[in-house]
Each structure stands twice: as C-alpha cells, then as structure tokens.
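K.L.:
Below is the structure I would like to discuss, written out as structure tokens.
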Amino acid sequence: MAKVKILARHLKPALNTGTDAIPVWTPIGGLNSLTFSTEKTDTDDTDFDSDGWAEHKVAQRASSISMEGFYKEDPVTGDRDAGQEALIALADAVGYDSLKSLRVTTPGGNVTTYRVSARVDAPAGGGLNDNSGFNAELTVSGKPTYVPSP
C-alpha cells in the first residue's frame with residue numbers, strides 16, 4: 001500500500017498507570033493538539049586547525065511533548081477522564097514517582113515510548129463561552145524507545 005499522510009488526531013498517546021513490570025496503558029482523552037519538540041546542545045570543537053570553519057558535535061539531546069485539549073469530567077459524579085487524571089497526578093509527584101512511561105502509537109502500529117515528567121494546567125479555565133482547557137507539558141527523561149509495527 002502507498003504511504004499516506006497521517007492525521008495528528010490518529011496518534012494515540014497513553015500513560016502507563018500500572019507498573020513497569022505490568023503496564024496498564026490509559027488513553028488520554030479530550031486532546032485537540034499533540035506537539036513533539038526536540039533540542040540539541042552542541043560542544044564547540046573549533047581549534048586553530050579548523051581553518052576558520054566552526055566545528056562541533058552534539059553533546060546532549062532533549063525532547064518534550066505538549067498536549068492541549070478540553071478538560072473532561074462527569075458533571076454528576078465528578079469523575080475525570082482517566083488519562084487526564086493520571087497526568088494530573090503525575091504533575092503532583094516528586095522524586096522517582098515523578099516519572100512514568102508514555103507511549104504514542106501511530107495508525108500503522110508503530111510505538112514510541114517515552115519516560116516523562118509532567119506539568120499540567122487543568123482545568124485551565126477559559127472565556128465566557130469557552131470550554132475549559134487541559135494543558136500538559138511533558139519533559140522526556142532519557143532516550144525514547146521505538147518499536148516498529150510487526
């Protein structure tokens with residue numbers, strides 16, 4: 001089959017609410033934006049032998065993931081979207097508990113797993129006629145793992 005452009009809404013993020021040994025992948029609902037960012041830090045290798053041309057190598061890489069959407073809860077029971085609730089709890093955690101696994105699955109079944117910490121604004125408020133927002137900034141710790149579709 002020909003390669004096609006995938007829609008961002010078909011990327012499926014899920015947070016591990018279980019353990020590393022027995023993962024429970026909880027989907028994060030209510031999203032309308034999912035953005036991946038990378039950074040790199042170079043070290044300068046330029047010396048007199050460089051003939052006036054800058055030289056460098058990558059010393060460090062970093063990644064982050066931004067999620068935006070609508071805050072979701074049951075107006076009768078107060079139950080929140082399970083994925084949003086898990087991210088809110090992660091945003092309150094410190095120490096080793098402040099890191100959890102997040103996986104993103106593509107429509108073709110490719111899976112990238114990240115170890116992340118979180119900062120969450122939820123409910124994020126809004127204007128008079130706006131739905132209340134949900135915003136999460138995830139900082140990736142370590143190198144992501146990629147598993148291609150079988």
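K.L.:
Is it fair to say Lys12 is closer than 20 Å to Thr139 by Cβ and within 19 Å of the chain's Cα centre (by Cα)?
P.N.:
Numbers: closer than 20 Å to Thr139 by Cβ: no; within 19 Å of the chain's Cα centre (by Cα): yes.
No; evaluated as a whole, the condition is false for this residue.
K.L.:
Still on this structure, I have one more. Of Thr46, Thr26, Thr19, Thr35, which residue is β-branched (Val, Ile, Thr), within 30 Å of Gly133 (Cα to Cα) and free of Cβ contacts under 8 Å to residues at least 12 places away in the same chain? Full working, then the answer.
P.N.:
Working: Thr46 fails: within 30 Å of Gly133 (Cα to Cα); Thr26 fails: free of Cβ contacts under 8 Å to residues at least 12 places away in the same chain; Thr35 fails: free of Cβ contacts under 8 Å to residues at least 12 places away in the same chain.
Only one candidate qualifies: Thr19.
K.L.:
Hey, another quick one. For region 20-57, enumerate the residues that are in a loop (DSSP other than H, G, I, E, B) and surrounded by 10 or more Cβ atoms within 10 Å (Cβ to Cβ).
P.N.:
Narrowing region 20-57 to residues in a loop (DSSP other than H, G, I, E, B): 20-24, 28-30, 45-47, 51-55.
Hits for region 20-57 are Pro23, Val24, Ile28, Gly29, Gly30, Asp45, Thr46, Glu55.
K.L.:
Further, regarding this structure: With the condition kept exactly as written, say whether any residue in region 70-84 is surrounded by 11 or more Cβ atoms within 10 Å (Cβ to Cβ), of a type outside the set (Lys, Arg), touching a Ser or Thr at 6+ places or on another chain (Cβ under 8 Å) and assigned to a strand (DSSP E or B). Please lay out each step first, then the result.
P.N.:
First pass over region 70-84, keeping only residues surrounded by 11 or more Cβ atoms within 10 Å (Cβ to Cβ): 70-73, 79-84.
The next check asks that each one be of a type outside the set (Lys, Arg); those that pass are 70-71, 73, 79, 81-84.
When the remaining residues are screened for being touching a Ser or Thr at 6+ places or on another chain (Cβ under 8 Å), the result is 70-71, 82-83.
From the residues that got through so far, the ones that are assigned to a strand (DSSP E or B) too are 70.
Yes, region 70-84 has at least one match.
One line per residue, one yes/no per condition, for (1) in contact with a Pro (Cβ under 9 Å, 6 or more places away or on another chain); (2) part of a loop (DSSP other than H, G, I, E, B); (3) polar (S, T, N, Q):
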| position | (1), (2), (3) |
| --- | --- |
| Ala91 | no, no, no |
| Asp97 | no, no, no |
| Leu102 | yes, no, no |
| Arg115 | yes, no, no |
| Arg119 | no, no, no |
| Leu128 | no, yes, no |
| Thr139 | no, no, yes |
| Lys143 | no, yes, no |
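K.L.:
Among residues belonging to region 133-146 that are over 11 Å from Gly30 (Cα atoms) and surrounded by 13 or more Cβ atoms within 10 Å (Cβ to Cβ), point out the one that is nearest to the chain's Cα centre (by Cα).
P.N.:
Taking the candidates together, the pick is Leu138.
K.L.:
Among the residues of region 53-81, how many are small (Gly, Ala, Ser), under 17 Å from the mean Cα position of the chain (by Cα) and within 30 Å of Asp42 (Cβ to Cβ)?
P.N.:
Quick first cut of region 53-81, residues small (Gly, Ala, Ser) only: 54, 59, 62-64, 66, 69, 78.
If we keep only those that are under 17 Å from the mean Cα position of the chain (by Cα) as well, we get 62-64, 66, 69.
If we keep only those that are within 30 Å of Asp42 (Cβ to Cβ) too, we end up with 62-64, 66.
Going through region 53-81 one residue at a time, the tally reaches 4.
K.L.:
When you go through Asp130, Asp121, Asp97, Asp81 one by one, which is the residue that is under 19 Å from Gly18 (Cβ atoms), without any contact (Cβ under 8 Å) to a residue 24 or more places away in the chain and of a type in the set (Asp, Glu)? Please lay out each step first, then the result.
P.N.:
On the way: Asp130 fails: under 19 Å from Gly18 (Cβ atoms); Asp121 fails: under 19 Å from Gly18 (Cβ atoms); Asp81 fails: without any contact (Cβ under 8 Å) to a residue 24 or more places away in the chain.
Just one listed residue meets the conditions, Asp97.
Each value in this text was obtained by applying a stated rule to the coordinates, not by laboratory testing. Small disclaimer: the values here were computed from a predicted structure and weren't measured. Cβ atoms come from the backbone with ideal geometry, glycine included; neighbour counts cover every protein chain shown.
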